[in-house]
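Report on one structure; see the data block that follows.
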Amino acid sequence: MPLTKEKTAAIFTQFGGSAANTGSIEGQIAQLTERISQISGHLQQNKKDFSSNRGLLQLVGERKSLLTYLSKQNLQGYRALIERLGRRK
């Protein structure tokens, strides 16, 4: 279920600028979004998997804190990332 190295590199290339730039906030948020969607799909099939549900909630909280940080530091970058990810209207 974890992301493959190729998928992770593709995410950071698309959102962080390069595959080696794993510290970029935009890349980290995009990676968390991908993991959240994978776990959400798993939980739709396995409704009683409570440990995965807890992990999902932790990932959502981590993504929320990174989004809050990004919105305070770079509001235009935050809006562009939200639009590229398709998270909000």
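Values quoted throughout were computed directly from the atomic coordinates according to the rules given, and no laboratory measurement underlies them. Every value quoted in this text rests on a predicted model; they were computed, and no experiment measured them.
On a 0 to 90° scale, report how tilted helix 50-73 is relative to the longest principal axis of the chain, with both axes built from alpha carbons and the result rounded to the nearest 10.
Once rounded, the angle reads 10 degrees.
Pull up the cross-link candidates among the lysines for Lys64, meaning alpha carbon to alpha carbon under 17 Å and not fewer than 8 places away within one chain.
Candidates past the 8-residue exclusion: Lys72, Lys89.
Return the aspartates and glutamates within reach of Lys7: Cα separation strictly under 19 angstrom, same-chain partners fewer than 8 residues apart disregarded; answer none if there are no such residues.
Glu26, Glu34
Note the full-extension length gain between Thr22 and Gln76 as 0.36 nm times their separation in residues minus their Cα-Cα distance, in nm to one decimal.
Working: separation 54, 0.36 × 54 = 19.44 nm, distance 2.07 nm.
Taking Thr22 through Gln76 to full extension adds about 17.4 nm, to one decimal.
Once the Cα atoms of helix 75-85 and of the chain are each reduced to a long axis, what angle between those two axes, in degrees from 0 to 90 to the nearest 10, is obtained?
Value to nearest ten degrees: 40.
Rounded to a whole number of µm²/s, how large is the Stokes-Einstein D of the chain at 37 °C and 0.692 mPa s, given Rh as the Kirkwood radius over C-alpha pairs? Don't skip to the end; give the middle numbers.
Details: Rh = 13.7 Å.
Diffusion coefficient, whole number: 240 µm²/s.
Taking 8 Å as the Cα distance limit and 6 or more residues as the minimum spacing, I'd like the relative contact order of the chain as a percentage. All intermediate terms of the calculation are to be shown ahead of the outcome.
Values: 62 pairs, mean separation 17.4, N = 89.
Across the chain, relative contact order equals 20 percent.
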